[in-house]
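A.B. asks: Supplied in structure tokens, the structure appears directly below.
The values are calculated or read from the model by the stated rules, or taken from the named source; none is laboratory data. The structure presented is a predicted model; accordingly, all values stated were derived computationally and were not measured. We place every Cβ from the backbone using ideal geometry, glycine too, and count neighbours over all the protein chains shown. Quick note on the areas: whole protein, heavy atoms, side chains included, nothing else; ligands and nucleic acids left out. Shrake-Rupley method; radii C 1.70, N 1.55, O 1.52, S 1.80 Å.
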Protein chains: 2
Amino acid sequence: MPNERAIESLKGKIRNVPDFPKKGVVFRDLTTLFKDAPAFRLAVDLLAEMCAKRDVDKVVAAESRGFILGSLIADRLGVGFVPVRKPGKLPARTRRIAYALEYGEDALEIHDDALDAGERALVVDDVIATGGTAHAAGALVEKIGGRIAAYAFLVELTALGGREKLAGFDVLSLIRY
Amino acid sequence: MPNERAIESLKGKIRNVPDFPKKGVVFRDLTTLFKDAPAFRLAVDLLAEMCAKRDVDKVVAAESRGFILGSLIADRLGVGFVPVRKPGKLPARTRRIAYALEYGEDALEIHDDALDAGERALVVDDVIATGGTAHAAGALVEKIGGRIAAYAFLVELTALGGREKLAGFDVLSLIRY
């Protein structure tokens, strides 16, 4: 387990922005952590360490913010990186999934050939809130014949129940609110 | 200089997609390189090595694809990472710049406090085409009081003249078409 002092020091680098994106919500802004070289390094080291025991063939992450930590964790684990993107952005043959948002719906795509059959994907994002994006990314992994090794997040907003949406899978998170 | 054999092996991992996003254009699809662990590692190593001689305080990169290599190069250089995003995505006080696209225009934002006065930013992206996005990201760096250390790209599409758009600055690129 990463020690509590390290976690607290990382929390001290996260900016709390009240009423964003809407009134009553406190947004956990990681940009103040990412711009701080020692904190950025510590966060990536600790998250990569949590993921290191897993048997992972590739890291999968959804745009945009997922790309920041997804590529770093792939690099630390020595595996390939697979982007999941909004419709129309990936140039080759894709599979698509639509998923519900608070208002309306959104969709994500993955390249058909991003994973080989049976490959184990670690799905990474910076924050898990309701879990909708991570769940959609995981569903895309399975649609193209891959398996989920685990889900990993730098920050978990526990009150929003994202972990329950990913029930049955390993869900790793470093910093919890 | 990275040796030509390494560059050729990386080119061999890039997928050429004809007629994307429109007829007559050959899209250089880096997802096939990123998903290949040894090629991904080699590309990041060589790009980071090109950037290592620069005096850099932070890496700045625009969403979405810029985040993939931007965060990695920041990590390799041991500096902080600063995201540039589409309007409305960054939660704190921002500066904005509008820039012309082939049809219409787009805009990008940076947090006001992303750089300290005089800090030297390395602007990173995966591909430089016309240079519009990189130029806008660089302008945002200067708007908030930072300086440009250099621009760095994994791939340069030389026929599109992006380098001229960044005239007066150091422009580093690893793989050229």
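A.B. asks: Calculate one ³J(HN,Hα) per residue across the stretch A:20-30 by plugging θ = phi - 60° into the Karplus curve 6.51 cos²θ - 1.76 cosθ + 1.60, and present them in order as whole Hz with x for glycine and proline.
C.D. replies: In residue order, the calculated couplings are 10, x, 8, 3, x, 9, 9, 7, 8, 8, 7 Hz.
A.B. asks: Taking amide hydrogens as modeled 1.01 Å from N in the peptide plane, which residues meet the under 5 Å criterion relative to B:S173, leaving out close sequence neighbours?
C.D. replies: Those qualifying (amide H under 5 Å, at least 5 residues apart or on another chain) are B:F153.
A.B. asks: Another question, then. Between copies, how close do the A:F169 label points come, placed 7 Å along Cα→Cβ, listed in nm from shortest?
C.D. replies: Copy-to-copy label distances at A:F169, shortest first: 3.7 nm.
A.B. asks: Assign one of three labels to chain B, namely rounded, prolate or oblate, based on the Cα gyration tensor with a ≥ b ≥ c the square roots of its eigenvalues; rounded applies when a/c is under 1.5, prolate when it is not and a/b is larger than b/c, and oblate otherwise. Walk me through the numbers before you get to the answer.
C.D. replies: Working: a/c = 1.78, a/b = 1.27, b/c = 1.40.
It comes out oblate by the Cα gyration axes.
A.B. asks: Just how far, in whole angstrom, is the stretch B:113-139 from the stretch B:10-71 if you go by their alpha carbon centroids?
C.D. replies: If we compute the Cα centre of each part, the gap is 16 Å.
A.B. asks: Now for a separate question. Share of the stretch A:111-177's accessible area from carbon and sulfur, percent, 1.4 Å?
C.D. replies: Working: 1160 of 2400 Å².
Exposed carbon and sulfur together represent 48 percent of the surface.
A.B. asks: First select every other residue whose beta carbon is under 11 angstrom from the beta carbon of B:D57; then total the charges, Lys and Arg +1, Asp and Glu -1.
C.D. replies: Working: positive: A:K35, B:R54, B:K58, B:R120, B:R147; negative: B:D55, B:D116, B:E119.
Summing Lys and Arg as +1 and Asp and Glu as -1 gives +2.
A.B. asks: Using only helices, what value at 222 nm comes out for the protein assembly as shown when you add -39,500 (n - 2.57) per DSSP H run of length 4 or more and divide by the total residues, to the nearest 500 deg cm²/dmol?
C.D. replies: So the calculated ellipticity at 222 nm is -9000 deg cm²/dmol.
A.B. asks: When Lys and Arg each count +1 and Asp and Glu each count -1, what net charge do the other residues less than 14 Å away from A:D29, Cβ to Cβ, add up to?
C.D. replies: For residues surrounding A:D29, the net value is +3.
A.B. asks: Run the numbers on the stretch B:5-47: which residues show a drop of 10 Å² or more in accessible area, chain on its own versus all protein chains together, using a 1.4 Å probe over heavy atoms?
C.D. replies: For the stretch B:5-47, once contacts with the other chains are taken into account, B:R15, B:V17, B:F20, B:F27, B:D29, B:T31, B:F34, B:K35, B:A37, B:F40, B:R41 lose 10 Å² or more.
A.B. asks: Could I ask something else about it? Hey, what did the stretch A:31-177 get for relative contact order, percent, Cα under 8 Å, at least 6 apart?
C.D. replies: Working: 298 pairs, mean separation 33.0, N = 147.
This gives 22 percent for the stretch A:31-177.
A.B. asks: For label points placed 7 Å from Cα toward Cβ, what is the shortest-first list of nm distances from B:K86 to its copies?
C.D. replies: Here B:K86 shows inter-copy label distances of 0.2 nm.
A.B. asks: If you take the accessible area of B alone, add that of A alone, and subtract the area of the pair, what total do you get in Å², probe 1.4 Å, to the nearest 100?
C.D. replies: Details: alone 9230 and 9220 Å², together 15360 Å².
Buried surface at the B/A interface: approximately 3100 Å².
A.B. asks: Oh, and also: If you put a point 7 Å past Cα along the Cβ direction, how far is that point for A:V26 from the same point in each other copy, in nm, smallest first?
C.D. replies: Its label point is 5.4 nm from the equivalent points in the other copies.
A.B. asks: List, in the order given, every pair from A:K89/B:K53; B:K53/B:K165; A:K22/A:K58; A:K53/B:K35; A:K35/B:K35; A:K23/B:K35 whose Cα-Cα distance in the structure shown is over 30 Å.
C.D. replies: Details: A:K89/B:K53 34 Å; B:K53/B:K165 23 Å; A:K22/A:K58 35 Å; A:K53/B:K35 20 Å; A:K35/B:K35 27 Å; A:K23/B:K35 40 Å.
Violating the 30 Å Cα-Cα cut-off are A:K89/B:K53; A:K22/A:K58; A:K23/B:K35.
A.B. asks: What's the longest uninterrupted piece of chain A once you rule out the trypsin sites (Lys or Arg not before Pro) that are loop residues per DSSP with at most 14 other Cβ within 10 Å? Walk me through the intermediate numbers first.
C.D. replies: Working: sites that count: A:K22, A:K23, A:K53, A:R54, A:R93.
Longest run free of exposed loop sites: A:94-177.
A.B. asks: Does the stretch A:97-143 come out rounded, prolate or oblate by the C-alpha gyration tensor, with a ≥ b ≥ c the root eigenvalues, rounded set by a/c under 1.5 and, if not, prolate when a/b is larger than b/c and oblate if not? Write down the numbers at each step before the final one.
C.D. replies: Numbers: a/c = 2.99, a/b = 1.60, b/c = 1.86.
Taking the square roots of the gyration eigenvalues as a ≥ b ≥ c, the stretch A:97-143 is oblate.
A.B. asks: Count neighbours as other Cβ atoms within 10 Å of each site's Cβ, and list the chymotrypsin sites (Phe, Trp or Tyr not before Pro) in the stretch B:25-125 that are DSSP loop with at most 15 such neighbours.
C.D. replies: Details: sites: B:F27, B:F34, B:F40, B:F67, B:F81, B:Y99, B:Y103; in loops: B:Y103.
Loop-located and lightly packed - B:Y103.
A.B. asks: Which whole number gives the average, over all residues in B:83-95, of C-beta atoms from other chains lying within 10 Å of the residue C-beta? Walk me through the intermediate numbers first.
C.D. replies: Values: counts 8, 0, 3, 1, 0, 2, 3, 4, 12, 7, 1, 0, 0.
Counting other chains' Cβ atoms within 10 Å and averaging over B:83-95 gives 3.
A.B. asks: With the other protein chains left in place, how much accessible area per residue, in square angstrom, belongs to the stretch B:54-176 at a 1.4 angstrom probe?
C.D. replies: Values: 4580 Å² over 123 residues.
Heavy-atom accessible area per residue stands at 37 Å².
A.B. asks: May I ask you to give the percent of accessible area on the stretch A:1-91 that is carbon plus sulfur, with a probe radius of 1.4 Å? Can you show the working numbers first?
C.D. replies: Working: 2000 of 3960 Å².
C and S atoms contribute 50 percent here.
A.B. asks: Only bridges with both residues in the stretch A:94-171 count here: give the DSSP antiparallel percent, nearest 5. Before the final figure, lay out the partial values.
C.D. replies: On the way: 7 of 16 bridges.
Counting DSSP beta bridges with both partners in the stretch A:94-171, the antiparallel share is about 45 percent.
A.B. asks: Rounded, prolate or oblate: which one fits the protein assembly as shown, using the alpha carbon gyration tensor with axes a ≥ b ≥ c (rounded when a/c is under 1.5, else prolate when a/b beats b/c, else oblate)? Walk me through the intermediate numbers first.
C.D. replies: On the way: a/c = 1.40, a/b = 1.15, b/c = 1.22.
It is rounded, given that a/c, with a ≥ b ≥ c, falls under 1.5.
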